[in-house]
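Reading through the structure tokens given below for one structure.
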Amino acid sequence: MISAVTVTKIQTLPAIVSTKEAADFFSVHYLTILRLIMRKELPAYKDCDGQWCISRQDIKAFCSRQSNL
């Protein structure tokens, strides 16, 4: 279960976030986010420019699955 603070913080994110925005949210390097995507732990897709995009709902689901967040 995620805390109310985390839920509030997730709600402030745009509907679709980049790897940089996700890295800022989790306070990690963007390469960590790319590793999570490559390992299929964090769902993402590439847009028409070839940039990775992550939905806010996928970030919320990821946080729910992680016991240390």
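The values are calculated or read from the model by the stated rules, or taken from the named source; none is laboratory data. Every value quoted in this text rests on a predicted model; they were computed, and no experiment measured them. Positions of Cβ are generated from backbone atoms using ideal geometry, with glycine treated the same way; all protein chains shown enter the neighbour counts. Accessible surface areas use protein heavy atoms only, side chains included; no ligands, DNA or RNA. Shrake-Rupley method; radii C 1.70, N 1.55, O 1.52, S 1.80 Å.
I'm told LEU31 meets every condition in (1) open to solvent by 100 Å² or more (accessible area, probe 1.4 Å); (2) in a helix (DSSP H, G or I) except one. Can you identify the failing condition by its number?
Looking at each condition in turn, LEU31 falls short on (1).
Kindly list, by first and then second residue, each pair from a residue in region 40-52 that is in contact (Cβ under 8 Å) with a residue 12 or more places away in the chain to a residue that is open to solvent by less than 60 Å² (accessible area, probe 1.4 Å) and of a type in the set (Val, Ile, Thr), limited to pairs with Cβ atoms under 7 Å and residues at least 6 apart or on different chains.
LEU42/ILE33; LEU42/ILE54; ALA44/ILE37; ALA44/ILE54; TRP52/THR19; TRP52/ILE37
Just the residues that are polar (S, T, N, Q) and surrounded by fewer than 15 Cβ atoms within 10 Å (Cβ to Cβ), please, taken from region 1-20.
SER3, THR8, GLN11, THR12
Across region 1-31, what is the total count of residues that are more than 12 Å from the chain's Cα centre (by Cα) and among the hydrophobic types (A, V, I, L, M, F, W, C)?
6
So the check is Cβ under 8 Å with 6+ separation or different chains; which pairs have a first residue in region 54-67 that's closer than 11 Å to LEU42 by Cα and part of a helix (DSSP H, G or I) and a second one that's open to solvent by less than 40 Å² (accessible area, probe 1.4 Å) and not aliphatic (A, V, I, L, M)?
Listed pairs, sorted by first residue: ILE59/PHE25; CYS63/THR6.
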